[in-house]
Amino acid sequence: MESAAASILKRAVEMDKSEQYTMALMLYQEGVQILLDSMKETKDQARQKHFGTRAKQYLERGEKLKALIEKGKAAGTYRELTKIESGSIGHGYNTVFGRFLDAKVTYVRIEDPYIRAFHQCQNLVRLCELAVRKCHALSRISLVTTLDTDDRKNQIARLEELKQSLSSHLISFEFQFSDTLHDRQISLSNGWVIKIGRGLDYFKAPSGKFVLGSCDMELRPCLETTVDIFHESQLKNDVT
């Protein structure tokens, strides 16, 4: 447990230094919890004191990060910019932006011109699954994409099937097509905006059907892209 805490907290410090404060905060909290659990498990008072001191240190840093994040959000200046390297793994949707999907999110708006092919529609389903699991107050998801004139019937059928599935969870799903759409972003009703250079389709095709990464996107090699996450303090829940 101590080794696990050290690994997570080391990663937290790295994210902190690179000003990826929301990720650092999440890792600090995770690492601190392991330290506190370790403190309960040992009867050695010296080790208890050691774990307690470290936990307090990282908790204090976490509180400072919270203040920095809230200050940036209020001013509309908070931003995290990262680059996903070609061939790298560990960049599934939950890792990249899952921390911003919380109980305050009631509406998710997706703008992505390439939700057309079968695998692209599957990516959309993966995003919706993540949102349903993490956003307990979620009531609406909307999509703006481009129409696949060569396979219009199948594209619409896939989106209609997703709409029906989401409705069983009391979540409405609306989709519309635009001929001029170029932006790729996910806007959340809690004010966070996630812009991914390649949109949702930033994964390489798996090398086989029975290889690691064929199902778990955290293990799927990625294409090179950038992720720009920022907070719009004035973002309205009813943006359409």
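Report the extension gain between Leu181 and Leu219 in nm, rounded to one decimal, defined as 0.36 nm multiplied by the number of residues separating them, less their alpha carbon distance. Please list the in-between numbers first.
Working: separation 38, 0.36 × 38 = 13.68 nm, distance 3.03 nm.
Extending this stretch completely gives an extra 10.6 nm.
Suppose R0 equals 51 Å; then what is the FRET efficiency for His119 and Gln45 from their Cβ-Cβ distance, rounded to the nearest 0.05? Mind dumping the intermediate values first?
Details: r = 56 Å, r/R0 = 1.10.
Once rounded, the FRET efficiency stands at 0.35.
Return one number: the angle in degrees, 0 to 90 and rounded to the nearest 10, between the long axis of the Cα atoms of helix 45-75 and the longest principal axis of the Cα atoms of the chain.
So the helix axis and the longest Cα principal axis differ by about 40 degrees.
In whole angstrom, how long is each semi-axis of the equivalent ellipsoid of segment 54-98, when you take the square root of 5 times every eigenvalue of its Cα gyration tensor and sort them from largest down?
26, 18, 9
Gain in length, Ser165 to Asp102, computed as 0.36 nm per residue apart minus the alpha-carbon separation, to one decimal in nm? Write out the running numbers ahead of the final one.
Values: separation 63, 0.36 × 63 = 22.68 nm, distance 2.11 nm.
Gain on extension, Ser165 to Asp102, equals 20.6 nm.
Computed on alpha carbon atoms, what radius of gyration and Dmax characterise segment 10-125, expressed in Å?
Both quantities, over Cα of segment 10-125: 18.4, 60 Å.
If you line up the Cα atoms of segment 104-240 on their principal axes, what length do they span on each, largest first, in Å?
Here the spans come out as 43, 32, 32 Å, largest first.
Once the Cα atoms of helix 21-41 and of the chain are each reduced to a long axis, what angle between those two axes, in degrees from 0 to 90 to the nearest 10, is obtained?
Here the helix axis deviates by roughly 50 degrees.
Order 208-215, 139-146 from most to least packed using the mean count of other Cβ atoms within 10 Å. The partial results should precede the final answer.
Values: 208-215: 11.4, 139-146: 18.6.
Result, highest mean first: 139-146, 208-215.
Could you give the alpha-carbon Rg of the chain over 2.2 N^0.38 Å, rounded to two decimals?
On the way: Rg = 20.1 Å, N = 240, 2.2 N^0.38 = 17.7 Å.
Ratio of Cα Rg to 2.2 N^0.38 Å: 1.14.
Can you find, among His91, Ser207, Thr225, the residue sitting farthest towards the positive end of the charge dipole of the chain, where Lys and Arg contribute +1 and Asp and Glu -1 at Cβ?
Going by the Cα projections, it comes out as His91.
Charges at C-beta only: +1 for Lys and Arg, -1 for Asp and Glu. How large is the resulting dipole of segment 98-240 about its Cα centre, in Debye rounded to 20? All intermediate terms of the calculation are to be shown ahead of the outcome.
Values: 19 positive and 19 negative charges, 69 e Å.
My answer is approximately 340 debye.
Given the C-alpha centroids of segment 161-235 and segment 1-38, what is the distance between them in whole angstrom?
26 Å
How far is helix 118-134 tilted, in degrees, relative to the longest principal axis of the Cα atoms in the chain, given as a value from 0 to 90 rounded to the nearest 10?
It works out to around 40 degrees.
Report the Cα-based extents of segment 8-65 along its three principal axes, largest first, to the nearest Å.
Cα spread of segment 8-65 along its principal axes, largest to smallest: 37, 16, 13 Å.
Expected output is a single nm value to one decimal: the length gained when fully extending between Asp228 and Gln29, i.e. 0.36 nm times separation in residues minus the C-alpha distance. What is it? Let's see the in-between values first.
On the way: separation 199, 0.36 × 199 = 71.64 nm, distance 2.32 nm.
Result: 69.3 nm gained on full extension.
What pairs in Lys73/Lys104; Lys43/Lys64; Lys83/Lys104; Lys10/Lys64; Lys73/Lys195; Lys104/Lys134 have C-alpha atoms more than 20 Å from each other? Walk me through the numbers on the way to the answer.
Working: Lys73/Lys104 15 Å; Lys43/Lys64 31 Å; Lys83/Lys104 27 Å; Lys10/Lys64 18 Å; Lys73/Lys195 17 Å; Lys104/Lys134 10 Å.
Cα-Cα > 20 Å for Lys43/Lys64; Lys83/Lys104; rest within.
Where a number appears in this text, it was derived from the coordinates with a stated rule and is not lab data. In this text, all values refer to a predicted model and were calculated from it rather than measured experimentally. All Cβ positions, glycine included, derive from the backbone under ideal geometry; neighbour counts span all protein chains shown.
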